Amino acid sequence: MQTYQRGRKKLYLWFQLVTPGQWEGREFFMVCNVPANGRWGPSHKFWNAYVLAFGEQPRRRDRMSTAVFRGKVFRARFRKVLFDYRQRKRTLEQQYSVIDVLLEKVAG
């Protein structure tokens, strides 16, 4: 899913947590900035996640599908969103967690 936030195009990747526990089965997202020219590079979060999922660098950087993430299990680092876009502290009820980076492919 792509949206705009403060004039920048964003790509949202949704993942389901499979680790047993309180949050098992819940969905979390990872937000990636979309380059203005549409060509992903090694400094982009989505490019790095894609290479991890696909197992090699893409042949064309302008045609990278999110389908490479389907049916795979990843180990990820989460972070809690504590501040809003104006850097004001969120209340406990307003806080949420997002995936910061995919660390390794575990299965798939």
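The values are calculated or read from the model by the stated rules, or taken from the named source; none is laboratory data. This structure is a prediction, so every number in the text was calculated from the model and none was measured. All Cβ positions, even for glycine, are placed from backbone atoms using ideal geometry, and neighbour counts span all protein chains on display.
Would you please name the residue that is surrounded by the most Cβ atoms within 10 Å (Cβ to Cβ), looking only at residues in region 74-101 that are free of Cβ contacts under 8 Å to residues at least 40 places away in the same chain and β-branched (Val, Ile, Thr)? Show your work before the answer.
Residues of region 74-101 that are free of Cβ contacts under 8 Å to residues at least 40 places away in the same chain, as a first pass: 75, 77, 79-84, 86-96.
Right, trim to β-branched (Val, Ile, Thr) and you get 81, 91.
On the way: Val81: 11, Thr91: 6.
By that ranking, first place goes to Val81.
Among the candidates Gly71, Gly25, single out the residue that is free of Cβ contacts under 8 Å to residues at least 12 places away in the same chain, of a type outside the set (D, E, K, R) and either exposed (fewer than 15 other Cβ atoms within 10 Å of the Cβ) or under 19 Å from Lys105 (Cβ atoms) (or both). Can you show your working first?
Working: Gly71 fails: free of Cβ contacts under 8 Å to residues at least 12 places away in the same chain.
When all the criteria are applied, what remains is Gly25.
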Which residues, taken from region 56-108, are touching a helix residue (DSSP H, G or I) at 6+ places or on another chain (Cβ under 9 Å) and among the small types (Gly, Ala, Ser)? Ser65, Gly108
Please go through region 37-74 and give me each residue that is part of a loop (DSSP other than H, G, I, E, B) and within 26 Å of Gly25 (Cβ to Cβ), ordered by number. Ser65, Arg70, Gly71, Lys72
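Glu104 - would you say it is part of a loop (DSSP other than H, G, I, E, B) and surrounded by fewer than 10 Cβ atoms within 10 Å (Cβ to Cβ)? Spell out how you get there, then give the answer.
On the way: part of a loop (DSSP other than H, G, I, E, B): no; surrounded by fewer than 10 Cβ atoms within 10 Å (Cβ to Cβ): yes.
Against the criterion (part of a loop (DSSP other than H, G, I, E, B) and surrounded by fewer than 10 Cβ atoms within 10 Å (Cβ to Cβ)), Glu104 does not qualify.
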Assess whether Val31 counts as being in contact with a Phe, Trp or Tyr (Cβ under 7 Å, 6 or more places away or on another chain), at pLDDT 90 or above, exposed (fewer than 14 other Cβ atoms within 10 Å of the Cβ) and not charged (D, E, K, R). no
Among residues of region 19-28, those that are at pLDDT 90 or above and either among the β-branched types (Val, Ile, Thr) or assigned to a strand (DSSP E or B) (or both), counted: 2
